[in-house]
Structure formats: C-alpha cells, structure tokens
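The values are calculated or read from the model by the stated rules, or taken from the named source; none is laboratory data. None of the values given here were measured: they were computed from a predicted structure. Reconstructed Cβ throughout: ideal geometry from the backbone, glycine too, with neighbour counts over all protein chains shown. Accessible surface areas use protein heavy atoms only, side chains included; no ligands, DNA or RNA. Shrake-Rupley method; radii C 1.70, N 1.55, O 1.52, S 1.80 Å.
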Amino acid sequence: MKLPAQGYGYETFDVESMRYGQPKTIARIKELAIRVYNKTGHKLYVGDLSNSGGGNSGRHAGHYNGIEVDIAIMGNTPTVSCYTIWEGCYLRSAQVALVNEILNMGGSTGMLFNDHAVQSRFPGFVGSAYGHDNHLHVNWHR
C-alpha cells in the first residue's frame, strides 16, 4: 500500500518509490501524524518506508517489508529545514512527544535515534545507529 504524499499532520519528503508499506504501517503513520499534530502543532515529515516490491532498495540495510519508517527530526516546518539534532531548530520536547505517542500507540519493536537525551528518557527502546542524527527510524510489528 502506498502512503499518500501528504495528509492530516504529515508530508512526505523522500523519493516516491519508497512510500510503500504494510496497510497496518500506513494506518499507524496516519494515526501518529494526527496525534502528534494535535498535541504539538507540528507536522511529521515522513521519509522512507519500503519500495513497492519489498526487498533491497539499494538505499538502506533495512526497509524491506513495509514495517519500518523514517521520520525527520522535529523542528522542520514548511519554511525551515532542520537537518540534524545539532542545529538550533531541533525541538527535543516535540521529539519526546513523538516518541511518547509511538509508545502509547503500541506495536513498535524499537527505534533508532542518536539524541542521547531522548535515548535516556526511553532506555532499551530508543537506540543509536550511524546516520540517525537527522531522523527517527521506527520498527513496527506486522
């Protein structure tokens, strides 16, 4: 199933060919966007899910089966592009609200994100990985 380019509380920002996910994943992204937008007033900027056929896209070590999604760091707006956690536009409080909502929804098996302050708030659930200074990588059950 393909995630529409935009919806209530979210926009996509990466290549169109990587907007495919399991129906449950697409529904979770849409629900998460509504929850976060209603709580914080900030949109989610959704990046890669999987390609239409699954399998190796050549872009990631994962993202094969439509249950993983990348979400840009909080602080992005239609006029501001916040690229890493080291920039002044990064909103840690909104990032914490995002992670809280993912946990409240249930179904996530873990996340990758390199902000150690966020990791310490969610020990054992948010881990580090190279290249995750600019987005949160969420894994969901099928």
* Taking amide H positions as placed 1.01 Å from N in the peptide plane, with prolines and chain starts having none, which residues 5 or more places from Ser52, or on another chain, fall under 5 Å of its amide H? -> none
* Structure fact -> Going residue by residue through the range 73-84, the Karplus relation 6.51 cos²θ - 1.76 cosθ + 1.60 with θ = phi - 60° gives ³J(HN,Hα) values, rounded to whole Hz and with x marking Gly or Pro, of 4, 6, x, 6, 9, x, 10, 10, 9, 9, 8, 9
* Asked: Of all DSSP beta bridges in the chain, what percent run antiparallel (nearest 5)?
  -> 75 percent
* Which whole-Hz couplings ³J(HN,Hα) result when phi for each residue of the range 66-72 is put into the Karplus expression 6.51 cos²θ - 1.76 cosθ + 1.60, θ = phi - 60°, listed in order with x for Gly and Pro? -> x, 10, 10, 8, 9, 10, 4
* Asked: Between Thr79, Thr12, Thr40, which gets the highest mean-square fluctuation from a Gaussian network model of the chain, Cα cutoff 10 Å?
  -> Thr79
* To do: Mind grabbing the accessible area of Met105 for me, 1.4 Å probe, Å², rounded to tens?
  => 40 Å²
* Contact order normalised by residue count of the range 1-135, Cα under 8 Å, 6+ apart, percent -> 19 percent
* To do: Quick one: accessible surface of Arg19, probe radius 1.4 Å, all protein chains present, in square angstrom to the nearest 10.
  => 30 Å²
* **Listed candidates (i) 26; (ii) 18; (iii) 47 - label of the one calculated as percent of Cα pairs over 25 Å apart** => (ii)
* To do: Would you work out the charge dipole size for the chain about its Cα centre, treating the Cβ of every Lys and Arg as +1 and the Cβ of every Asp and Glu as -1, and quote it to the nearest 20 debye?
  => 420 debye
* Structure fact -> To the nearest Å², the heavy-atom accessible area per residue of the chain with 1.4 Å probe amounts to 48 Å²
* Which far-off residues, 5 or more places away or on another chain, put their amide H under 5 Å from the one on Asn76, with H placed in the peptide plane? -> Cys82
* Structure fact -> Between Thr109 and Thr79, the two model label points (7 Å from Cα along the beta-carbon direction) sit apart by a distance in nm of 4.2 nm
* **Estimated vicinal HN-Hα couplings, Hz - the range 96-113 in sequence order (Karplus 6.51, -1.76, 1.60; Gly, Pro = x)** => 4, 4, 4, 4, 4, 5, 4, 5, 5, 6, x, x, 7, 9, x, 9, 10, 6
